[in-house]
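First comes the structure, then the notes that go with it.
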Amino acid sequence: MNIILTLITGICISLMIFFNGSLDGYIGNFPSLLFIHSTGFILISLSFLKKQRPRKREKKSKWFLLAGVMGIVVVTLNNTVYNMGGVLLTLGGTLAGQVIMASIMELVKHNKNGERVPIGKIISLLLVIPGATIIGLRSNIEFYWIFISWIPGMLVMLQSYMNSQNILSIGFKKTLIIHYGSTLAVLLIMMIFIPLGDSVSKVLSGQVPLQFVIGGGSIAIFIVSVGSYLLLKLKPITYVLLLYTGQLSSAILLDYTTGLPFSKEKFIAMILIICGLFLGEIKLNKKAGV
């Protein structure tokens, strides 16, 4: 069941990137951030209409409550990269960042337990990072943007870990409301300095398709909640491997429907990425005796 959920989450991430990037193209970056997180906050707030039974929780660091604020950077960079080269470029960069952060998280765990670093971790990085770089080079963007595109993936992994710990501490619904509430609060403060322009009138007049306005924020609730749950159940690198499998098929389809070319170099790059993730997982399982 966890495997199926992770694959579905990967597909949803591709759709979310497509919706959010399209909304950015209609009304700009800051207004799209505001609409995306407002949608998520309103939807999750509705769940509080039903009373929850009080439960005893574990205490966690209060810094984990700031996980939602990272979403501003994640969505901003993802929207920018998407408008430069489409879903596949965004996912390639995101995956590289996820693998780097997942590797760091597992390396810290191995070091804490006094274990040797699995060779699979090194193999995974040596294949995934070049693969993501090739996708960037074939997307006709400035070289430094390839590395910038990795940042959202690193933050997403860190964000998912922090949210998973928050779930243990304060519960599922409260974690989500704080995740979206903290982000929305920062965005509302930013409104003092950044004008919305005619973005609101465009949305209200129907110039922007409704699925782009509410699609990304709605799907994000599923991604944040399920992703946080899955990180409690799966190894970080296993989670990333399954996630990318779901992302890949939907990314190719979405890029094709929007007229972006799919070259043999991108195909080779994706094979490198999948092999890197798969070999890393095989090594880990063998080491663990699974």
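The values are calculated or read from the model by the stated rules, or taken from the named source; none is laboratory data. These numbers come from a predicted model, not from an experiment. Here the Cβ is made from the backbone with ideal geometry for all residues, glycine too, and neighbour counts use every protein chain on show.
Brief remarks on what is shown
- Flag for residue 249 being at pLDDT 75 or above and either surrounded by fewer than 18 Cβ atoms within 10 Å (Cβ to Cβ) or more than 30 Å from residue 104 (Cα to Cα) (or both): no
- Selected residue (only one of 131, 136 is buried (at least 17 other Cβ atoms within 10 Å of the Cβ), farther than 23 Å from residue 70 by Cβ and modelled with pLDDT under 80): 131
Results for (1) farther than 30 Å from residue 104 by Cβ; (2) within 18 Å of the chain's Cα centre (by Cα); (3) modelled with pLDDT under 85; (4) among the hydroxyl-bearing types (Ser, Thr, Tyr), shown as yes or no for each residue.
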{"site": "163", "(1), (2), (3), (4)": "no, yes, yes, no"}
{"site": "179", "(1), (2), (3), (4)": "no, yes, yes, no"}
{"site": "187", "(1), (2), (3), (4)": "no, no, no, no"}
{"site": "192", "(1), (2), (3), (4)": "yes, no, no, no"}
{"site": "231", "(1), (2), (3), (4)": "no, yes, yes, no"}
{"site": "242", "(1), (2), (3), (4)": "no, yes, yes, no"}
{"site": "258", "(1), (2), (3), (4)": "yes, no, yes, yes"}
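- So residue 134, is it in a helix (DSSP H, G or I) and in contact (Cβ under 8 Å) with a residue 12 or more places away in the chain: yes
- Only one of 114, 21, 25, 85 that is surrounded by fewer than 24 Cβ atoms within 10 Å (Cβ to Cβ), over 12 Å from the mean Cα position of the chain (by Cα) and at pLDDT 85 or above: 25
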